[in-house]
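Report on the following structure.
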């Protein structure tokens with residue numbers, strides 16, 4: 001029973017991170033801290049961006065929850081930390097790996113969800129200023145991008161025939 005409870009805490013923490021990341025992206029990164037996030041929208045030379053600073057900011061709560069959870073006898077805080085950390089791992093793999101190809105994985109994916117994620121993020125990046133943005137989340141995207149991904153897949157299958 002405890003395993004189910006802690007698994008639920010991990011899943012809820014992971015899901016909450018999508019909402020937190022969406023809110024921070026929309027209201028902080030495209031608001032007060034645009035000067036740090038801006039280089040993510042306007043390509044710069046080099047491997048790293050000022051925007052990468054946010055990864056450290058997001059890692060800090062995961063580390064704190066994990067550390068205090070372990071110090072308090074592996075209580076619920078540990079499992080919140082695990083959920084937050086798993087979201088961070090997904091961020092690196094999905095955002096940096098799949099979407100921006102900073103890590104060369106999923107390069108030629110045929111997965112509908114991955115294609116939809118890339119399309120939504122591309123729509124987000126068409127805006128070069130902090131205003132008029134869209135698609136601030138990482139894992140959840142509007143239904144229209146899934147429809148576009150399906151349409152692209154049908155087109156690719158038809159062109160191969």
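Since every read-out is calculated from the coordinates, none of them should be taken as a lab result. If you're wondering where the values come from, they're calculated on a predicted model, not measured in any experiment. Positions of Cβ are generated from backbone atoms using ideal geometry, with glycine treated the same way; all protein chains shown enter the neighbour counts.
Summary of values
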| read-out | value |
| --- | --- |
| Ranked 129, 66, criterion: other C-beta atoms within 10 Å, fewest first | 129, 66 |
| Euclidean distance of C-alpha centroids, segment 123-161 and segment 30-98, integer Å | 24 |
| All Cα pairs of segment 1-87, percent lying beyond 20 Å | 45 |
| Gaussian network model of the chain, Cα within-10 Å springs - most flexible of 84, 70, 141 | 70 |
| C-alpha long axis of helix 76-90 to longest principal axis of the chain, angle in ° | 20 |
| The chain, relative contact order in percent, only Cα pairs under 8 angstrom and at least six apart counted | 25 |
| Principal axis dimensions, largest first and in whole angstrom, of the chain by Cα | 58, 40, 27 |
| Angle between the chain longest axis and helix 2-24 axis [Cα atoms, degrees, rounded to 10] | 50 |
| 0 to 90° range, to nearest 10: angle between helix 53-71 axis and the chain longest Cα axis | 30 |
| Mean shadow area of segment 28-69, taken as a quarter of the surface of its Cα convex hull (nm²) | 3.5 |
| Descending semi-axes in Å of segment 104-161, equivalent ellipsoid built from Cα gyration tensor | 24, 12, 10 |
